[in-house]
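First the structure, in the form of structure tokens, and then the observations on it.
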């Protein structure tokens, strides 16, 4: 799902019921107000969405992983540009970042 699709307000929804301890519910209410959410369900949806995107970003085959990698690259470039203003030469840092990184390979055994 693209970011644009994710931000659509008219996406189909399904109701869900969960049981949580009362103290957690009170804390969620406080955080809802502090963070400026319109309702408790909106905060819970935001928490679920953040956690879900974080987990999906760990799967290299999922588009979220590519998005997370692009966001990491943008943060790195921003930080390097700020540092460049201090020390001047950052071409080696870019080359180091762009070098292929080793990927985890699942160990499989072939049967004869």
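The values are calculated or read from the model by the stated rules, or taken from the named source; none is laboratory data. None of these values were measured; they are calculated from a predicted model. As a convention, Cβ positions derive from the backbone with ideal geometry for all residues, glycine included, and neighbour counts pool all protein chains shown.
Across the stretch 10-60, the number of residues qualifying as on the phi < 0 side of the Ramachandran plot and assigned to a loop (DSSP other than H, G, I, E, B) comes to 20. Test residue 65 against the stated conditions and say whether it is at pLDDT below 80, loosely packed, with under 12 Cβ neighbours inside 10 Å and under 21 Å from residue 5 (Cα atoms). Here the answer is no, as residue 65 does not meet what is asked. Of all residues in the stretch 19-40, those that are surrounded by 12 or more Cβ atoms within 10 Å (Cβ to Cβ) and under 29 Å from residue 5 (Cβ atoms) total 5.
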